[in-house]
Structures are given as C-alpha cells and as structure tokens.
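Structure first, then comments.
No value in this document is a laboratory result; all are computed from the given coordinates. Since this is a predicted model, take the numbers as computed values, not measurements. Cβ placement follows ideal geometry from the backbone for every residue including glycine, while neighbour counts extend to all protein chains displayed.
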C-alpha cells in the first residue's frame, strides 16, 4: 500500500512540468488530497495539458528545402574579414545553435544576427541569410549562383510564412526578404520600429503594415514576371511595379540593419523565424 500526501502530489508536478516545458510555471497549490484524488488529478493534468504527441524536427533542412540556397553567417572566417558561407552539400545537415536552428516549440527555422562588425562585401551590417543558388544535386559542391530576369518569360516566385521576432534595442531595423541583382537590392521586406514595408531605394516605400507587432506571423508572396514585380501581404496585393532587371535572385532570413557604431551592443540582435519558404521558377507558357 502506497501513501501519497500533499508533498507527493507536488512531487508529481515537479516530475511532469519540466517534460511539458512548464517548470517555471507558478501553478502549485496545496490541497487536502487522498491518494486516489492525487492520482486522478495528476492524470487529468497530463491528459489535458499534453495533448497529442507532436513530432519536432531536428535540423533546418527538415523545415525548408535548402537545396537551392547557400547560407551566409554573421561570423568571419578565422583570420579574415570575409563572412562564413555554408553551401551544399554541407548546408543540408548544417545548424548553428547561436544563429540558425529549429525552434522545436513550433517547428520554425530561426535566423539570428547580432549587432557585430561581421559584414559582407558592400554592406555595413551583419546577416544570417539565405542566398538563392542554381538547383543541383546535394553532392554538387560547386553550385552556381542563381540569376534571372524579371522579363525572361518565366514566373519567379518566393512565398514566405514568417515572423520578425526581435529587433536591436537602438536601431530597430531588420530585413526579412529580398530580391537582389548584381549591384544592389531591388526590393527589401523591411521593418523599422513598427512599420513593415517594401523598400525600393529611390523609388519610394510601399507600406505593408503600419503597426506591426513583433512575433506576428505573416505571409509574403513576391512575383517577378513580364517586367513587373508584385508583392502580396497576407493575401492582399500591395505592390505592382513595372521594373525590368537582370541577374536577379531571392534572399531570405535575417539581415540586421544595425551594429555597434549605431549604439547597439554586440549582444543585441535581429531575429526572423520562417515557418514556410517556397521558391518557384515556372515558364509562363505553362500558365497559359
């Protein structure tokens, strides 16, 4: 015969709560409970708080197809001023606990870039960001950089389901997606404080959300075809821009727009989480 008193019931909680990720929850109460009552309440607690078992993936390539991307990290190669790049086939199994990892709570892919002086060519800011590459087998370590035209007879589309979850403390600017060409960004999905918009450099901004709240999930669809670039935000067409450019490619991830020279500390960072990333290049003739 096993006796279970109040402290035994609390002990059950201390065993089960860490499993549920609730070890810091202040939910312990003291009751006058019999053995059977303690067992019943403990079982009900487990049933109604755990729900069905959810499979959580372990590496970024389980969340996003990375076969047509390379990754730029917010760190320099040892002894150089060049940012580290991870290409296929290494990228297929790559993860980094500091900046490129799976959030097991919701199976999202986390991109994080701290406000350091680690930059890439022609940039002042750090990034943990994917750059589009040409398709190929995973054992092809010499993938070429993708380049396409907005008027080459194809529909070029990138769809992102994502959220911006952190911005630097001082300069609260983060870029979460781009079309780039050989010289500069063509468009950027950019957050400044609470304003989420499409940046087009000298051609003016296109507002997506005037009051974006950190952590809010949103869907971006970018289409480039017939000499136009179009952007949808949560299913609503926000931009239709006639703009013909060559040598274009997509980028996705976190491009933090600050560093220590802007007043931010090195431990401050930008962060973007991606739930879905799909890239398509389709002959327009197939769509007719």
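Taking 0.36 nm per residue of sequence separation and removing the Cα-Cα distance, the residue 202/residue 123 pair yields an extension gain of 26.7 nm. Here the average projected area of the convex hull drawn through the C-alpha atoms of the range 123-256 stands at 8.9 nm².
At a Förster distance of 22 Å, what's the computed FRET efficiency of residue 217 paired with residue 85, Cβ-Cβ distance as r, to 0.05? Provide the component values of the computation, followed by the final result.
Working: r = 29 Å, r/R0 = 1.30.
Using R0 = 22 Å, I get an efficiency of 0.15.
With a Förster radius of 30 Å applied to the beta-carbon distance between residue 59 and residue 246, the computed FRET efficiency rounds to 0.30.
Quickly rank 162-174, 80-92 as a protection proxy: mean count of other C-beta atoms within 10 Å, highest first.
Working: 162-174: 20.6, 80-92: 15.5.
Order by mean packing, descending: 162-174, 80-92.
Using a simple spin-label model with pseudo-atoms 7 Å out from Cα toward Cβ, residue 283 and residue 169 lie 5.6 nm apart. FRET efficiency for the residue 265 to residue 159 pair, using the beta carbon distance and R₀ = 30 Å, is estimated at 0.30. Spacing of the modelled spin labels on residue 184 and residue 98, each 7 Å from Cα toward Cβ, amounts to 3.3 nm. Only Cα pairs under 8 Å and 6+ residues apart enter the sum, and on that basis the relative contact order of the range 98-228 stands at 21 percent.
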